[in-house]
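Novice: Below is one structure. I have some questions about it.
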Amino acid sequence: MLKKLTSTRLNAFVSAHLAVLILRVGAAALIMTHGYPKMMSIMEGNLSFGDPLGLGPEVSLILVAFAEFVCAAFVMIGLGTRYALVPLLINMSVIVFVAHADDPFGRKELGIFFMISFVVLFLTGPGRYSLDRLVFGR
């Protein structure tokens, strides 16, 4: 058991595909908790939101809700995963480098952590346990 815990092989302790699944579902579920209220706000007609890029508050809210809820749902189920990660990475970049640019590190760290998670998922792909694998094969 100690040998498995100290091994540097990717599949020594657990399948790398299982690890990617846990990261994919976990990160998507967590970001969806931020996107769901924004989707509900849109459905209720409340379109007030920040405007960090000068696109207008309505457009900004729609883009953020799309990334944090719709794209996150695609990441969660592993369908079009790398495509869905692009809006999420753009969203996190705007949050970290524009919206919270002047804030202390503590206000940025959640966005940075999501960004790191999404970069890892973009680089690894959705893994074996995804709809991408079922639909598109390898």
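The values are calculated or read from the model by the stated rules, or taken from the named source; none is laboratory data. All figures in this text were calculated on a predicted structure; none of them were measured in a lab. Cβ sites come from the backbone with ideal geometry, for glycine too, and all protein chains shown count toward neighbours. The area values use the complete protein model at the heavy-atom level, side chains included, leaving out ligands, DNA and RNA. Shrake-Rupley method; radii C 1.70, N 1.55, O 1.52, S 1.80 Å.
Novice: Taking the conditions exactly as written (aliphatic (A, V, I, L, M) and within 16 Å of S117 (Cα to Cα)), does I42 satisfy them or not?
Specialist: no
Novice: Looking at segment 97-110, I want the residues that are closer than 19 Å to I31 by Cα and have a partner that is open to solvent by less than 90 Å² (accessible area, probe 1.4 Å) and outside any helix (DSSP H, G or I) with Cβ atoms under 7 Å, at least 6 apart or on another chain. Which pairs are those?
Specialist: Note: pairs meeting the criteria are V98/P52; A99/G50; A99/P52; R107/H100; K108/H100.
Novice: Could you grab the pairs with beta carbons closer than 8 Å, sequence gap of 6+ or different chains, first residue in segment 74-92 and under 26 Å from R107 (Cβ atoms), second one among the acidic types (D, E)?
Specialist: L88/E68; N91/E68
Novice: Please state which one of S48, S41 is modelled with pLDDT under 95, among the small types (G, A, S), more than 30 Å from V135 (Cα to Cα) and out of contact with any Asp or Glu (no Cβ under 8 Å at 6 or more places or on another chain).
Specialist: So the residue among S48, S41 that is modelled with pLDDT under 95, among the small types (G, A, S), more than 30 Å from V135 (Cα to Cα) and out of contact with any Asp or Glu (no Cβ under 8 Å at 6 or more places or on another chain) is S48.
Novice: Kindly check whether there is at least one residue in segment 112-119 that is more than 14 Å from A27 (Cβ to Cβ), in a helix (DSSP H, G or I) and not polar (S, T, N, Q).
Specialist: no
Novice: Give the residues of segment 6-51 that are open to solvent by 60 Å² or more (accessible area, probe 1.4 Å), within 16 Å of M92 (Cβ to Cβ) and either of a type in the set (K, R) or not in a helix (DSSP H, G or I) (or both), sorted by residue number.
Specialist: Within segment 6-51, none qualify.
Novice: Next question, about the same structure. Take R128 and decide whether it is of a type in the set (K, R), open to solvent by 70 Å² or more (accessible area, probe 1.4 Å) and either free of Cβ contacts under 8 Å to residues at least 24 places away in the same chain or part of a helix (DSSP H, G or I) (or both).
Specialist: It is false that R128 is of a type in the set (K, R), open to solvent by 70 Å² or more (accessible area, probe 1.4 Å) and either free of Cβ contacts under 8 Å to residues at least 24 places away in the same chain or part of a helix (DSSP H, G or I) (or both).
Novice: Determine if segment 58-78 includes at least one residue that is touching a helix residue (DSSP H, G or I) at 6+ places or on another chain (Cβ under 9 Å), open to solvent by less than 70 Å² (accessible area, probe 1.4 Å), at pLDDT 95 or above and not in a helix (DSSP H, G or I).
Specialist: yes
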